[in-house]
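Asker: Starting off with a structure, shown below.
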Amino acid sequence: MNDFHFTDQVPPADYRADVKAYIFHDERHLKLQAENGWRSFYILNQKHKTIVGAVHVHANDRVAVSPLKASFGSFVWNVTLHAEILFRFIGFVEDSLKASGIATITYTNPPLDYQPDQLQLLQVLLSNAGYRIQVAEAGAVISVSNELLETKMDDWEVRKLKQAREAEFIFAAATVNPVDEVFQFILNARKEKGYTLSMTQVMMERTVDVFPDRFVFFEVMKGYERAAASIAIRVADDILYNFYSAHHSRFDAWSPVVMLIEGMYGWCQQQGIKLLDLGTSALDNQPNFSLLDFKLRLGAQPTAKLTFTKDLS
C-alpha cells in the first residue's frame with residue numbers, strides 16, 4: 001500500500017489515468033457545470049505512475065456536492081484497487097473538506113448496473129464511513145445482447161411496435177446534431193404533460209458543442225412529422241444513456257416510444273454498446289410507477305441510483 005498516495009493537487013503530467021470514468025467526470029463537463037469552486041482529489045499509484053482513483057466535488061457555502069449539475073458524480077477507481085485503499089481515500093477527502101470548513105458532503109453515485117460489483121462496494125464503504133442515503137431513485141436499464149429487443153418485451157409492447165411498423169412509422173438516428181429541433185420537440189411534449197426539463201436549450205447546445213461525439217439524436221417519424229425523439233448521451237464507450245425523450249400526444253395510440261427504444265437498442269448493438277440506460281423513474285423524489293412499469297415492459301431491468309450525504313458539523 002506504500003505505492004499509493006492521496007492528493008488534492010493536479011497529478012504530474014507523466015501520470016496517466018487508469019480508471020473507467022464517465023462524461024460527467026470529464027474536466028470539460030465540470031467546467032460546464034461551474035467555472036470554479038471545484039475540489040479534485042486523486043489516488044496515485046506512484047510505482048506505475050497512474051491515476052487509479054478520483055473524485056470531483058463542488059464546494060460552496062460549507063456544502064460540497066458531487067456532481068453540481070449532472071446526472072451523477074461521486075468516486076471512480078480502478079477495479080483492481082483494494083477496498084481498504086478506497087475506504088481510506090473516502091476518509092482523506094472528507095478530512096480535507098472538513099478542514100476547509102465544509103459542513104455537509106453529498107455524493108450521487110451512477111446507477112448500480114453501470115458497474116455492479118464496484119458500486120455495491122462503494123455503497124457499503126460510504127455507509128461504513130457514516131454516510132446515509134438521502135435520495136433513492138428507481139432506474140431501468142437494458143442489457144444489450146445479440147437477441148432482438150422484441151424477445152425481451154412484454155407482448156403488449158410488441159403489439160404496439162408492430163402497429164407502428166404497419167402504420168409506416170420510421171426510426172432513424174440523426175447524422176447531424178439537430179439540437180434546436182429535437183430539444184424544442186421534447187420540451188413542448190413535456191410541457192403538454194405538465195413537466196419541464198432540467199436544462200435550457202442554451203445549456204444543451206453548449207454541452208453538445210463540447211462533446212459532439214458523445215451526444216446522439218434519435219427520432220421516430222410518421223411521414224414528415226416527428227412522432228418521438230430522444231437526446232442520448234454515450235456516457236462511456238459501452239453505455240448509452242437516454243437523457244431526454246418524449247413523444248407527441250397525437251400519436252398516443254401507436255406508442256412511438258416503443259419503436260424509439262427498440263431502434264436505440266439496435267443502434268447499441270451496432271456500436272458495441274453493452275448497456276442502454278433508460279433513466280430514472282421518479283417524480284418529486286417519489287417513484288413514478290407507471291413510467292417504471294412501462295420501461296420494465298420494454299425489457300429493462302430495475303436498477304438503483306443512490307445519493308449519499310453526511311453532516312460533518
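Asker: Quick one: count up the residues across segment 208-250 that are touching a helix residue (DSSP H, G or I) at 6+ places or on another chain (Cβ under 8 Å), within 13 Å of Asp277 (Cα to Cα) and not small (Gly, Ala, Ser).
Answerer: The total comes to 8.
Asker: Which one is nearest to the chain's Cα centre (by Cα), of the residues in segment 1-34 that are small (Gly, Ala, Ser) and over 15 Å from Gly53 (Cβ atoms)?
Answerer: Start the filter on segment 1-34 by keeping residues that are small (Gly, Ala, Ser), which leaves 13, 17, 21, 34.
Adding the requirement that they be over 15 Å from Gly53 (Cβ atoms) leaves 13, 34.
Values: Ala13: 29, Ala34: 18 Å.
Among them, the one singled out is Ala34.
Asker: Do you know which residues across segment 169-199 are in a loop (DSSP other than H, G, I, E, B) and either modelled with pLDDT of 95 or more or of a type in the set (S, T, N, Q) (or both)? So that I can check it myself, show each step before the final result.
Answerer: Narrowing segment 169-199 to residues in a loop (DSSP other than H, G, I, E, B): 174-178, 193-199.
Of everything in segment 169-199, those that are in a loop (DSSP other than H, G, I, E, B) and either modelled with pLDDT of 95 or more or of a type in the set (S, T, N, Q) (or both) turn out to be Thr175, Asn177, Thr196, Ser198.
To keep it simple, each residue is scored yes or no on (1) of a type in the set (D, E, K, R); (2) out of contact with any Gly (no Cβ under 6 Å at 6 or more places or on another chain).
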| position | (1), (2) |
| --- | --- |
| Glu168 | yes, yes |
| Met203 | no, yes |
| Arg206 | yes, yes |
| Pro212 | no, yes |
| Phe215 | no, yes |
| Glu219 | yes, yes |
| Tyr224 | no, yes |
| Asn242 | no, no |
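Asker: Restricting to segment 278-290, count the residues that are buried (at least 17 other Cβ atoms within 10 Å of the Cβ) and either part of a helix (DSSP H, G or I) or of a type in the set (A, V, I, L, M, F, W, C) (or both). Talk me through it step by step, then tell me what you get.
Answerer: Just the residues of segment 278-290 that are buried (at least 17 other Cβ atoms within 10 Å of the Cβ), to begin with: 278-282.
Add one more test, that the residue is either part of a helix (DSSP H, G or I) or of a type in the set (A, V, I, L, M, F, W, C) (or both), and what stays is 278, 282.
So the count comes out to 2.
Asker: Next question, about the same structure. Looking for whichever is within 20 Å of Tyr22 (Cα to Cα), among the acidic types (Asp, Glu), in contact (Cβ under 8 Å) with a residue 24 or more places away in the chain and assigned by TED's automatic domain parsing to the domain that holds Lys160 here; the options are Asp238, Asp213. Which one fits?
Answerer: On the way: Asp213 fails: in contact (Cβ under 8 Å) with a residue 24 or more places away in the chain.
Just a single option satisfies the conditions, and that option is Asp238.
Asker: Something else now. Take segment 119-144 and flag every residue that is surrounded by fewer than 21 Cβ atoms within 10 Å (Cβ to Cβ) and farther than 22 Å from Leu68 by Cβ.
Answerer: If the condition is that a residue be surrounded by fewer than 21 Cβ atoms within 10 Å (Cβ to Cβ) and farther than 22 Å from Leu68 by Cβ, then Gln120, Leu121, Val124, Leu125, Ser127, Asn128, Gly130, Ala138, Ser143 are the ones that fit.
Asker: Give the residues of segment 260-277 that are surrounded by fewer than 24 Cβ atoms within 10 Å (Cβ to Cβ), farther than 19 Å from Phe211 by Cα and aliphatic (A, V, I, L, M), sorted by residue number.
Answerer: Leu275
Asker: Looking at segment 69-103 only, could you name the residues that are under 26 Å from the mean Cα position of the chain (by Cα), among the polar types (S, T, N, Q) and surrounded by fewer than 16 Cβ atoms within 10 Å (Cβ to Cβ)?
Answerer: Thr80
Asker: For segment 200-227, give me the residue count where each residue is more than 21 Å from Ser249 (Cα to Cα) and in a strand (DSSP E or B). Before the answer, list the steps.
Answerer: We begin by selecting, within segment 200-227, every residue more than 21 Å from Ser249 (Cα to Cα); these are 200-216.
Add one more test, that the residue is in a strand (DSSP E or B), and what stays is 215-216.
Residues meeting the conditions: 2.
Asker: Provide a single number: the residues in segment 35-68 that are within 19 Å of the chain's Cα centre (by Cα) and of a type in the set (Phe, Trp, Tyr).
Answerer: Selection size over segment 35-68: 0.
Asker: Which is without any contact (Cβ under 8 Å) to a residue 60 or more places away in the chain, among the hydrophobic types (A, V, I, L, M, F, W, C) and closer than 21 Å to Leu122 by Cα, of Ile23, Ile51?
Answerer: Working: Ile23 fails: without any contact (Cβ under 8 Å) to a residue 60 or more places away in the chain.
So the residue among Ile23, Ile51 that is without any contact (Cβ under 8 Å) to a residue 60 or more places away in the chain, among the hydrophobic types (A, V, I, L, M, F, W, C) and closer than 21 Å to Leu122 by Cα is Ile51.
The values are calculated or read from the model by the stated rules, or taken from the named source; none is laboratory data. As the structure is a computational prediction, the values presented were derived from the model and not from experiment. Virtual Cβ from ideal backbone geometry, glycine too; neighbours counted across all protein chains shown.
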